[in-house]
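Q: Have a look at the structure that comes next, please.
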Amino acid sequence: MIAYHFPPLAGSSGIQRTLRFVQHLPALGWQPLVLSAHPRAYENTSDDLLADVPTATVVRRAFALDTARHLQLKGRYLGWMARPDRWISWKFDAIRQGIKLIDEYKPDVIWSTYPIATAHVIASKLHRKTGIPWIADFRDPMAQDGYPADPRTWQSYQAIEADAAARARCCVFTTPGAARMYQQRYPAAASRMVVLENGYDEESFASVAPQATTGSTLANGRRPLLMLHSGIVYPSERDPTQLFEALGRLQKTGVLSPADLRIRFRASVHDDLLQSLAQAHGAQGFIELCPAIPYREALAEMLAVDALLVMQASNCNAQIPAKIYEYLRAGKPILGLTDPAGDTAGVLRGAGLNDIARLDSADEIARVLPALMHDWRQGKAALPPAQAVQQASRRGRSQALASLLAQATAASGVAASRY
């Protein structure tokens with residue numbers, strides 16, 4: 001399993017996908033070998049998830065640098081040194097370490113995971129050297145309209161995905177929209193494009209101590225409802241400008257005030273931007289900006305607040321934020337600010353949650369939010385049903401991956417010894 005995102009990396013929900021597969025696959029007959037990057041390549045680290053890695057798991061870390069931090073001169077670096085990504089230096093030692101792992105353990109399948117594109121570069125090279133079947137876990141689309149913005153980086157992304165479509169036993173996506181996009185882009189490989197969604201980890205939730213709902217109480221004994229957005233607020237893909245405009249408008253008209261609602265942004269990464277946008281629209285009284293906390297504390301916070309907020313712009317209609325499955329498990333009302341035609345809205349509607357407004361429409365947000373708050377106050381807000389929650393379990397996703405691994409070995413004629 002070739003994965004840049006692995007403990008002790010901190011600050012990305014993407015780490016959960018590989019980590020939970022590593023946890024659950026041994027019980028399903030597969031023993032993972034992990035090839036990751038040296039922690040020096042990570043911008044932020046934390047030991048809070050290291051204990052979740054099973055002690056029997058073989059983890060090899062290859063030499064890697066972050067070009068932007070380690071190889072820049074006076075704040076600048078050459079473009080080719082960060083193409084396809086800032087961790088391309090990982091490739092060289094990772095291929096060497098990968099060959100050693102293959103010689104030592106004779107694995108049956110190679111699995112690599114995006115969003116660090118270099119992982120697929122490494123996997124392709126190891127596949128071509130050894131003939132071991134390769135599963136390319138794209139998660140989300142790579143080369144998109146206008147992304148990456150740099151034309152040469154875009155071309156490198158396109159070359160990597162085309163190589164995976166041609167060589168990989170199957171290409172895995174986390175959303176139906178992404179799979180359809182690639183089936184149309186690479187019709188010859190359409191039958192090898194499959195969906196394996198993200199999920200939540202029940203064991204992590206079970207280990208979280210219950211907390212009382214957090215939030216300050218006002219002088220009249222009533223406290224504002226507390227809504228949480230947990231995780232990064234990307235300036236384009238999760239732009240809250242229209243949300244803040246709607247809040248400012250609702251406050252001016254006397255429909256809502258900070259005494260009614262607080263929105264907590266936890267670990268947004270872009271606090272300064274959020275603060276300036278909120279001030280520009282007169283919404284600063286509605287928001288709280290809070291720093292990152294360990295993973296299980298973040299889960300406890302989801303369980304403690306009144307409601308949860310997910311934001312996803314229409315330019316990400318083929319993507320679903322990984323945290324939405326943890327939101328479902330938290331069992332709270334969810335406000336979806338997203339395109340009704342996108343996959344994120346599809347997950348919410350599939351769970352019976354219809355409180356959805358377009359992220360780029362202050363008018364829609366200003367209509368939906370007061371009605372939703374009224375339902376919350378009355379205890380009538382829609383909650384995720386148990387069946388929808390159970391279907392989103394990481395254990396179930398791991399069973400699906402185990403089936404893919406078995407299919408890959410059967411199709412290639414590899415004996416599934418799985419050491």
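Q: Please indicate, with yes or no, whether at least one residue in region 45-61 is surrounded by 20 or more Cβ atoms within 10 Å (Cβ to Cβ) and either within 24 Å of the chain's Cα centre (by Cα) or not β-branched (Val, Ile, Thr) (or both). Outline the logic, then answer.
A: So the first thing to find is which residues in region 45-61 are surrounded by 20 or more Cβ atoms within 10 Å (Cβ to Cβ), and the list is none.
The answer is no, given that none of the residues of region 45-61 is surrounded by 20 or more Cβ atoms within 10 Å (Cβ to Cβ) and either within 24 Å of the chain's Cα centre (by Cα) or not β-branched (Val, Ile, Thr) (or both).
Q: Still on this structure, please answer the following. Counting only residues that are of a type outside the set (A, V, I, L, M, F, W, C), without any contact (Cβ under 8 Å) to a residue 60 or more places away in the chain and farther than 21 Å from Tyr147 by Cβ, how many does region 71-130 have?
A: 17
Q: I'd like the full set of residues that are under 16 Å from Pro115 (Cα atoms) and part of a strand (DSSP E or B), limited to region 10-38. Quick ask: steps written out before the conclusion?
A: Our first condition is that a residue be under 16 Å from Pro115 (Cα atoms); within region 10-38, this holds for 10-19, 35-37.
Answer for region 10-38, where residues must be under 16 Å from Pro115 (Cα atoms) and part of a strand (DSSP E or B): Leu35, Ser36, Ala37.
Q: Additional query: On the given criteria, is Leu247 in contact with a His (Cβ under 8 Å, 6 or more places away or on another chain) and modelled with pLDDT of 95 or more? Spell out how you get there, then give the answer.
A: Details: in contact with a His (Cβ under 8 Å, 6 or more places away or on another chain): yes; modelled with pLDDT of 95 or more: yes.
Answer is yes for this residue.
Q: Of the numbered conditions (1) out of contact with any helix residue (DSSP H, G or I) (no Cβ under 8 Å at 6 or more places or on another chain); (2) in a helix (DSSP H, G or I), Leu348 fails exactly one; give the number of that condition.
A: Leu348 satisfies every listed condition except (1).
Q: Something else now. Gly336 is checked against (1) crowded, with 17+ Cβ neighbours inside 10 Å; (2) outside any strand (DSSP E or B); (3) at pLDDT 95 or above and fails just one. What number does that condition carry?
A: If we test Gly336 against (1) crowded, with 17+ Cβ neighbours inside 10 Å; (2) outside any strand (DSSP E or B); (3) at pLDDT 95 or above, just (2) comes out false.
Q: Can you pull out the residues in region 77-104 that are in a loop (DSSP other than H, G, I, E, B) and either surrounded by fewer than 16 Cβ atoms within 10 Å (Cβ to Cβ) or not assigned by TED's automatic domain parsing to the domain that holds Pro26 (or both)?
A: Applying the first criterion (in a loop (DSSP other than H, G, I, E, B)) to region 77-104 yields 77-78, 83-89.
Within region 77-104, Leu78 is the sole residue that qualifies.
Q: In this structure, does Leu71 turn out to be assigned by TED's automatic domain parsing to the domain that holds Leu25 and modelled with pLDDT under 95? Show your work before the answer.
A: Numbers: assigned by TED's automatic domain parsing to the domain that holds Leu25: yes; modelled with pLDDT under 95: yes.
So Leu71 fits the description; yes.
Q: Another one. Looking at Leu299, Leu256, Leu309, Leu303 in this structure, which one is more than 21 Å from Arg329 (Cβ to Cβ) and touching a residue at least 24 places away in the same chain (Cβ under 8 Å)? Even if it seems obvious, please write down each step before you answer.
A: Values: Leu299 fails: more than 21 Å from Arg329 (Cβ to Cβ); Leu309 fails: more than 21 Å from Arg329 (Cβ to Cβ); Leu303 fails: more than 21 Å from Arg329 (Cβ to Cβ).
Leu256 is the lone residue from the list that is more than 21 Å from Arg329 (Cβ to Cβ) and touching a residue at least 24 places away in the same chain (Cβ under 8 Å).
Q: Enumerate the pairs (first residue in region 199-210 and under 18 Å from Ile324 (Cβ atoms); second residue anywhere and part of a strand (DSSP E or B)) with beta-carbon separation below 9 Å, excluding pairs fewer than 6 apart on the same chain, so at least 6 apart or on different chains.
A: Taking only residues 6 or more apart or on different chains, the pairs are Gly199/Ser393; Tyr200/Ser393; Asp201/Ser393; Glu202/Ser393.
Q: Residues of region 376-395 being part of a helix (DSSP H, G or I) and either touching a Ser or Thr at 6+ places or on another chain (Cβ under 7 Å) or surrounded by 15 or more Cβ atoms within 10 Å (Cβ to Cβ) (or both), which ones? If you could, list the steps in order and put the result at the bottom.
A: We begin by selecting, within region 376-395, every residue part of a helix (DSSP H, G or I); these are 376-378, 386-391, 394-395.
Result: Trp376, Ala388, Val389, Gln391, Arg394, Arg395.
Q: Please work out which residue is surrounded by the fewest Cβ atoms within 10 Å (Cβ to Cβ), limiting yourself to region 244-275 and to residues that are polar (S, T, N, Q) and under 26 Å from the mean Cα position of the chain (by Cα). Please lay out each step first, then the result.
A: Narrowing region 244-275 to residues polar (S, T, N, Q): 251, 253, 257, 268, 275.
This time we only want the ones that are under 26 Å from the mean Cα position of the chain (by Cα), so: 268, 275.
On the way: Ser268: 24, Gln275: 15.
Here the residue is Gln275.
Q: Here's something else I'd like to know. Does region 246-254 contain any residue that is on the phi > 0 side of the Ramachandran plot, in contact with a Lys or Arg (Cβ under 9 Å, 6 or more places away or on another chain) and not in a strand (DSSP E or B)? Before you say what the answer is, go through the steps one by one.
A: We begin by selecting, within region 246-254, every residue on the phi > 0 side of the Ramachandran plot; these are 254.
Filter once more, so that each one left must be in contact with a Lys or Arg (Cβ under 9 Å, 6 or more places away or on another chain): none.
Scanning region 246-254 turns up no residue that is on the phi > 0 side of the Ramachandran plot, in contact with a Lys or Arg (Cβ under 9 Å, 6 or more places away or on another chain) and not in a strand (DSSP E or B).
Q: For region 277-296, enumerate the residues that are part of a helix (DSSP H, G or I) and at pLDDT 95 or above. Reasoning before the result, please.
A: Initial filter on region 277-296 (part of a helix (DSSP H, G or I)): 277-280, 284-286, 295-296.
Across region 277-296, the qualifying residues are Leu277, Ala278, Gln279, Ala280, Gln284, Gly285, Phe286.
Q: Of all residues in region 54-64, how many are under 17 Å from Trp90 (Cβ atoms) and either among the small types (Gly, Ala, Ser) or in contact with a Lys or Arg (Cβ under 7 Å, 6 or more places away or on another chain) (or both)?
A: Within region 54-64, the subset under 17 Å from Trp90 (Cβ atoms) is 59-64.
Among the residues that remain, those that are also either among the small types (Gly, Ala, Ser) or in contact with a Lys or Arg (Cβ under 7 Å, 6 or more places away or on another chain) (or both) are: 62, 64.
The total comes to 2.
Q: Another one. Listed residues Ile88, Ile95, Ile110, Ile102; which is modelled with pLDDT of 95 or more, within 22 Å of Ser156 (Cα to Cα) and over 23 Å from the mean Cα position of the chain (by Cα)?
A: On the way: Ile88 fails: over 23 Å from the mean Cα position of the chain (by Cα); Ile110 fails: over 23 Å from the mean Cα position of the chain (by Cα); Ile102 fails: within 22 Å of Ser156 (Cα to Cα).
Only one candidate qualifies: Ile95.
Q: Write out, first by first residue and then by second, each pair whose Cβ atoms fall under 6 Å of each other, whose residues are 6+ apart or on separate chains, and whose first residue, in region 339-359, is touching a residue at least 24 places away in the same chain (Cβ under 8 Å) while the second is of a type in the set (S, T, N, Q) and not in a strand (DSSP E or B).
A: Pairs found: Asp339/Ser314; Asp339/Asn317; Gly342/Asn317; Asp343/Thr175.
Q: A further question follows. In the list Leu404, Leu359, which residue meets the criterion of being more than 18 Å from the chain's Cα centre (by Cα), outside the structural domain of Arg262 (by TED's automatic domain parsing) and at pLDDT 95 or above?
A: Numbers: Leu359 fails: outside the structural domain of Arg262 (by TED's automatic domain parsing).
Residue meeting the stated conditions: Leu404.
The values are calculated or read from the model by the stated rules, or taken from the named source; none is laboratory data. Note that the coordinates shown come from a computational prediction; the quantities given were computed from them, not determined experimentally. Virtual Cβ from ideal backbone geometry, glycine too; neighbours counted across all protein chains shown.
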